[in-house]
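The values are calculated or read from the model by the stated rules, or taken from the named source; none is laboratory data. Everything numeric in this text was worked out from a predicted model, so none of it was measured. Cβ atoms come from the backbone with ideal geometry, glycine included; neighbour counts cover every protein chain shown.
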Amino acid sequence: MHFEEPRGRSKVVGTLGLVLFLAATVGCTGTKKYPLQGEVVGKNVATNEITVKHGDIPGFMPAMAMPYHVQDPAVVQDLQPGDKIAAEGFVNKDTKEYWLEDVRITDESGRSQAKTSVAPHMLIPGERVPNMSFVNQDGRTIHLSDFAGKALLVTFIYTRCPMPNFCPRLSSQFAKIHDELKKNPGVYSKTHLLTISFDPKYDTAPVLRKYGLAYLDDDATGFAHWDFASTNPTDMARIAQAFGLQYEEQDNQISHTMNIVLIAPDGTVAKLWSTDWTWTELMESMQQTLHSNGQSSEIHGQALYGYLCASCHEFVNPDLRKQPPKLHGLFLAKNLPSGAPATDEQVHHTIIAGLRTMPAFNQLVTDTDADDVVRYLHRLN
C-alpha cells in the first residue's frame, strides 16, 4: 500500500495525524503488531481477504469495517460471516501494507444470526453493470450510461472522512490520474472518473463541488472529466452490493471498505481493487481497457475461472499454484470423474453441476457463464 497526501484545500486534513500514525505504528523496527478483535462481515476466498468490523485499535486505526489480507488461506475457508475473532494485525513500515496473522474464532454463535438467504450478487469482470442515476456536483442528474464508450473509473468516499489513507488517499490518487490523462487528449476524451459519496445527507451538490475543486486545483473545467456525485439510499445500496462496498455510520463517522471499479466502454466490469493498488496501475488499466474492449466474454470467463474454480482447487491442491497457465487451466478436465480428456460439453456440465452444489459462493452460474469459462480454457490450451 502507498500513502499520499491530498492536494489543495484538503491537504490540511489529517497530515499531522498521518505522521503520528506512522510513528506510532511502525517505529523503526520495520513491522509493528497490534491486537485486533472484531466480527467477520464478509470474505473473499480468491484474494485471501476477510472484512472485519472492529472497535478502536489504539495507535493503528479507529473503529470501522475494512478488508484485511490473511496469510493462511485455510483460515479464510473456515471463517464465516458472524464469527467473532481475535487476531494479530501487522503493519509494514516500508510498504505500508497491513495483514492479519494468528486468526482465532472466539465465538461462532453469530453464524446462525447472519443472513441465511443467498447474498446479493456481486459483479465480477465481464458482467454488465446496471444503469443507475446520480446527482453530481452541479446538481445535474447523470447516469452510468452517459459514459458508454469510455473507460470509467469509479470509487466511493465521504467528504468528512478523517483517515488520510482512505478517502483522501483515493481522491489524491484520482487527481494524479486526472492530471496525467490530461496530457494525452486522445485518451483523456475516452476516459472518465467518477467519485460517489455514500453520505448523501451531508454530501450535497455544493459540498461535493467544493470538495472536488480542492482536488482539481480550483479549475472547474476538470468536472467535464471527473464527476463527484451522490444518489438516493436505494440506489446506493444497489451499487454497493454490486461492487462489494460495505459501509456503516457510527458516532458521526462512517466505517467502510475501500473499493475501486473500472467499467469498460461496453458497460461491463473490467477490474476491481480494494486496498492493494497504485495510481499508475489504475491509469494503465484504464488505457488497456480501451484497447481490449470487445473481449469481455473471454475476460468474464477468466474471472469466473479464477474466482469460482482455481481458488478452491488451489486450496485443495497447492501444487496447482506452481503450474504454468496452460497446465493450470487443464485441472477441470483432470478432475472429471472418468479421468478422461474432457469435451467442451463435459467441462460445461462440470461447471454447472459442481458450482450449484456450493452455495457458499453465492453465485448463480448460467449456461453463458460456463461457455465463457470454456472459451477462456480454449485460449489457454
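Values as computed for the structure displayed
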item: Residues within region 30-57 that are touching a Lys or Arg at 6+ places or on another chain (Cβ under 9 Å) and either of a type in the set (A, V, I, L, M) or in a strand (DSSP E or B) (or both), tallied; result: 10
item: Number of the exception - ASP203 against (1) closer than 19 Å to THR280 by Cβ; (2) more than 21 Å from the chain's Cα centre (by Cα); result: (1)
item: From the options GLN246, GLN250, residue that is at pLDDT below 70 and under 21 Å from MET66 (Cβ atoms); result: GLN250
item: Residue in region 225-240 that is under 24 Å from LEU290 (Cβ atoms), modelled with pLDDT under 90 and not assigned by TED's automatic domain parsing to the domain that holds TYR98 present; result: yes
item: Candidate set: region 240-267, residues that are outside any loop (DSSP other than H, G, I, E, B) and among the hydroxyl-bearing types (Ser, Thr, Tyr); chosen: the one surrounded by the fewest Cβ atoms within 10 Å (Cβ to Cβ); result: TYR247
item: Any hit, region 136-147, residues being farther than 21 Å from ALA205 by Cβ and in the same structural domain as ALA214 (by TED's automatic domain parsing); result: no
item: Some residue of region 176-183 being assigned to a helix (DSSP H, G or I) and of a type in the set (Val, Ile, Thr); result: yes
item: Residue tally, condition in a helix (DSSP H, G or I), buried (at least 17 other Cβ atoms within 10 Å of the Cβ) and among the hydroxyl-bearing types (Ser, Thr, Tyr), over region 194-239; result: 2
item: Strands (runs of 3 or more DSSP E) completely within region 119-175 that count 3 or more residues being surrounded by 22 or more Cβ atoms within 10 Å (Cβ to Cβ); result: 151-157
item: Of all residues in region 184-193 being free of Cβ contacts under 8 Å to residues at least 60 places away in the same chain and surrounded by 15 or more Cβ atoms within 10 Å (Cβ to Cβ), the one that is nearest to the chain's Cα centre (by Cα); result: LEU193
item: Pairs, first among the aliphatic types (A, V, I, L, M) in region 266-278, second not in a loop (DSSP other than H, G, I, E, B), C-beta under 6 Å, six or more apart; result: ALA270/LEU262; ALA270/THR289; LEU272/VAL261
